Amino acid sequence: MNKPIKIALLLASVSAVAACSKKAPEQLPPPPVETSAPAETAPPPPSTRPTGPVPGTQEHFANAVGSATTIYFDTDRFNIDSADAASLQAQAQYFSQYSSLTFTIEGHCDERGTREYNVALGERRANAAKNYLVSLGIPANRIRTVSYGKERPVALASNEAAWAQNRRAASVVIN
């Protein structure tokens with residue numbers, strides 16, 4: 001390689017490196033502000049401490065509505081019957097009182113049927129519960145639905161009593 005080409009390549013690489021260099025900012029950021037640690041506060045006297053579950057938690061929800069956190073369905077069904085309606089009305093009262101809460105309705109099925117069929121049926125069950133709560137005035141954007149199909153049974157036996165416990169839609173508070 002001849003000398004003029006080497007010089008041209010050297011100058012090109014030097015100018016390329018120079019173009020990539022960073023410039024100092026025109027104005028430096030302000031120095032960090034010193035903050036003092038917050039003053040420690042003494043716990044309230046025992047007589048004023050709240051007792052029981054914290055409002056807005058799953059435990060508080062379960063204590064408030066009892067067994068109404070879950071509704072149950074007949075085989076291959078997703079319709080809301082009168083017992084389900086009463087449970088969902090109790091849920092609607094709770095969620096109206098705690099209007100900042102969001103929650104999930106989980107759709108479940110028993111072990112019979114294909115995975116695909118049960119996921120679809122679980123989705124219809126969760127959506128039926130959601131639609132009923134929306135009809136009672138709970139905003140739809142506070143309710144998420146999910147279907148677990150037959151993947152999360154609460155009863156593991158293979159008989160009618162276990163299957164009846166697994167055909168459900170359960171409401172779960174999101175913290």
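Each reported figure results from applying straightforward, stated rules to the coordinates on display, with no laboratory input. In this text the structure is predicted, and so the values were computed from the model without any measurement. Note that we place each Cβ from the backbone using ideal geometry, even for glycine, and neighbour counts take in every protein chain shown.
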>> Please report the antiparallel percentage of the DSSP beta bridges confined to the stretch 52-174, to the nearest 5.
In response: 60 percent
> Which order results if Glu106, Glu123, Glu116 are arranged by neighbouring Cβ count within 10 Å, fewest first?
Replying inline: Glu116, Glu123, Glu106
>> Along the Cα→Cβ direction, 7 angstrom out, place labels at Glu116 and Ala86. What is the inter-label distance in nm?
In response: 4.0 nm
> When a footprinting reagent is the concern and you count Cβ atoms within 10 Å, what order do Ile105, Ile174, Ile138 take, fewest first?
Replying inline: Ile174, Ile138, Ile105
> Local charge sum around Pro153 (other residues, Cβ-Cβ under 11 Å, Lys/Arg +1, Asp/Glu -1)?
Replying inline: +1
>> Given a Förster distance of 30 Å, report the FRET efficiency between Ala164 and Ser100 from their Cβ-Cβ distance, rounded to the nearest 0.05.
In response: 0.30
> If you stretched the chain out fully between Asn2 and Asn63, how much longer would it get, using 0.36 nm times the residue separation minus the C-alpha to C-alpha distance?
Replying inline: 13.1 nm
